[in-house]
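Enquirer: My questions all concern the structure below.
The numbers here are math on the coordinates, done by the rules we state, and not lab data. Computed from a predicted structure; not experimentally measured. Reconstructed Cβ throughout: ideal geometry from the backbone, glycine too, with neighbour counts over all protein chains shown.
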Amino acid sequence: MTRRKKIYEGKAKILYEGPEPGTLIQYFKDDTTAFNGQKRAALEGKGVLNNRISEYVMTRLNTIGVQNHFIKRLNLREQLIKEVEIIPLQVICRNIAAGSMSVRFGLPEGQALPRSIIEFCLKDDKLGDPMVAEEHITAFNWASPQEIDDIMATTLRVNDFLCGLFSGVGITLVDFKLEFGRVWENDFSRIILADEISPDSCRLWDSVTNEKLDRDRFRRDLGNVIESYTEVARRLGIMSEMPTVIQGGKGA
Ligand code: CDP
């Protein structure tokens with residue numbers, strides 16, 4: 001028996017060495033965190049749901065030409081992904097004021113923004129993921145001006161696509177976070193979408209009732225976290241492929 005090599009362990013996922021060079025295995029944990037890891041819990045079945053939801057969204061994005069790291073789902077909790085050189089930024093796109101933006105600008109939660117707004121935060125837990133400007137990104141060489149342009153154009157495309165995908169199933173996409181990475185081909189690099197897209201990284205509200213169907217249920221102690229993630233998967237039409245334990249609402 002050989003033990004596979006752990007490359008990185010984050011708050012909600014683990015990355016293992018992949019079967020071939022240039023690949024990794026992304027393992028989705030049940031661990032859920034909020035407020036930069038200060039609040040934690042394990043929610044049974046969350047990793048399985050996020051693995052499947054992220055697979056579905058990344059696959060759909062691939063069909064419209066948004067290149068991303070997803071290769072294939074391996075099992076309930078793991079997916080094969082392309083290894084990328086991660087860009088140390090969280091790219092947040094907002095359609096409606098909520099969360100930290102509401103706090104920062106005193107905007108009521110739920111107020112539609114005049115247009116979609118993209119913000120950048122430095123991926124650094126110790127510093128609390130501070131917001132940064134393009135000036136910082138280029139000065140500290142986190143990304144080049146061309147890469148920032150590519151990231152912003154891709155983020156707006158993802159936003160348009162996801163707004164349509166979710167509104168078709170009665171869900172409003174309030175905001176979401178993306179991460180990007182570089183892949184190298186000889187001396188040239190390009191940027192692709194990485195990480196995950198799931199109710200952990202998006203704010204998703206029921207279009208009729210505004211009920212929250214995302215990680216805010218955990219952050220704000222609203223209860224029914226797994227039930228809400230399951231509802232997102234159900235509306236996306238992917239629950240039939242889930243194990244019966246999850247379909248029954250008991251987690252896995
Ligand atoms: O989540 P919080 O209110 O602290 O931060 P936010 O800046 O309002 O988050 C905007 C969006 O990015 C939400 O959909 C969050 O779930 C997501 N986000 C994330 O996935 N991971 C983070 N570390 C921070 C935000």
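Enquirer: Once the dipole of the chain is set up with Lys and Arg at +1 and Asp and Glu at -1 on Cβ about the Cα centre, which of T23, G37, T2 lies farthest towards its positive end?
Expert: T2
Enquirer: If neighbour count is taken as other Cβ atoms inside 10 Å, put D125, D195, D31 in order from fewest to most.
Expert: Placing the least packed residue first, the sequence is D125, D31, D195.
Enquirer: Between E17 and R4, how many nm apart are label points set 7 Å from Cα along the C-beta direction?
Expert: Once both label points are built, they end up 1.2 nm from each other.
Enquirer: Fewest to most neighbouring Cβ within 10 Å: what's the order for D150, D175?
Expert: If I rank by nearby Cβ atoms, fewest first, I get D150, D175.
Enquirer: Applying 1/(1 + (r/R0)^6) with R0 = 45 Å to the Cβ-Cβ distance of A42 and S116, what FRET efficiency is obtained, to the nearest 0.05? Mind dumping the intermediate values first?
Expert: Details: r = 34 Å, r/R0 = 0.75.
My answer for the efficiency is 0.85.
Enquirer: What base-10 log of the normalised intensity I(q)/I(0) is obtained for the chain from the Debye formula, alpha carbons as equal point scatterers, at q = 0.16 Å⁻¹?
Expert: Relative scattering, expressed as log10 I(q)/I(0), comes to -1.33.
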